[in-house]
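Structure record follows, encoded as structure tokens.
The values are calculated or read from the model by the stated rules, or taken from the named source; none is laboratory data. Only a predicted model underlies this, so the values are computations on that prediction, with no experimental measurement involved. So basically every Cβ, Gly included, is an ideal-geometry build from the backbone, and we count neighbours across all protein chains shown. Side chains included, ligands, DNA and RNA excluded: accessible areas come from the protein's heavy atoms. Shrake-Rupley method; radii C 1.70, N 1.55, O 1.52, S 1.80 Å.
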Amino acid sequence: MTPPSKKSCSRCFGEGVLLTPAGSVVQANLCDCVKVCEECHGSRFLFTRNARGQEEARPCGCETRRLRVRLYNQAGVPARFVNAQLTESQRDPGNFHAFNTFNLMAKNFTRGQKGILLMGRAGVGKTHLMAAFIREIIFHHGVGVIFQDFSGLLKQLRSTYARGEPEEALIDPLNQVDVLMVDELGKGRNSEWELTVLDMLISHRYNARKTTLFTTNYTDRADTTLSERVRGKDRIEEEKVIRDTLTDRVGTRIHSRLKEMCDFVMLEGVDRREREAVGG
């Protein structure tokens, strides 16, 4: 996407786009500095003559920018990630490897390429990093993306069934979009129905060779996976700690598919939520 203007803007810093929280999601809008394009003067097209002297029209860069604003607004990025970017200021020793992996993938992104499954304990910045990556590939590559919290999808499906409506209206966009980002993989009651929904989604995108991204608190090792305290159903059994691996949560078949679809990347580091809470 071409730069919006030779002049630096103090609001968008030359990006031509402003991101702001709008309810539960991030909203993208064109900055005032590019609403009247210096190249096409608002026509949205540039006109040139070919070798035969015939006039030809091609979309101006400002029209490309408008399209990418629409793509970003369709992605549904949660509002808390309004400032997520793949910039040097957001790279630190804790996320160095994962940040570099996403940064390289963003620069060389092609549709249908292998995705990433980002593992790590709660609070280390997995979803923040994914949101930054989404921003990059939409605005620099024009790629369609949907951000989907898995628990939220299950809730929406239950409401759809309760109204007697077909599930296709929810599932088809997730199957068809260029890049799907699934947040909180493995979270939930891990019921047979939940795994069936996950299997259906993964199988479709796997067979269609669509790029899919995941975040999860569950890893492939018991010493690094999510630790959960549970109490027995009869209220007599003492509380115990469960350390399910990702395979425990999704099953061997789905885990095998995930390994083919994605590179597994571990995100280390401190709990960024705790650090932000104390002003660190």
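Results, tabulated for the structure shown:
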quantity	calculated
Verdict on Thr110 being among the polar types (S, T, N, Q) and outside any helix (DSSP H, G or I)	yes
Test result for Asn73, closer than 16 Å to Gly144 by Cα, at pLDDT 90 or above, among the polar types (S, T, N, Q) and open to solvent by less than 100 Å² (accessible area, probe 1.4 Å)	yes
Matching residues, the range 116-169, being touching a Phe, Trp or Tyr at 6+ places or on another chain (Cβ under 9 Å), under 20 Å from Arg249 (Cα atoms), open to solvent by less than 10 Å² (accessible area, probe 1.4 Å) and not in a helix (DSSP H, G or I)	Ile116, Leu117, Leu118
In the range 202-217, the residues that are under 19 Å from Asp248 (Cα atoms) and either over 20 Å from the mean Cα position of the chain (by Cα) or open to solvent by 10 Å² or more (accessible area, probe 1.4 Å) (or both)	Ser203, Asn217
Number of the exception - His97 against (1) at pLDDT 95 or above; (2) part of a helix (DSSP H, G or I); (3) within 29 Å of Glu260 (Cβ to Cβ)	(1)
Filtered residue count, the range 67-94, keeping only those that are assigned to a helix (DSSP H, G or I) and either over 16 Å from the mean Cα position of the chain (by Cα) or basic (Lys, Arg) (or both)	7
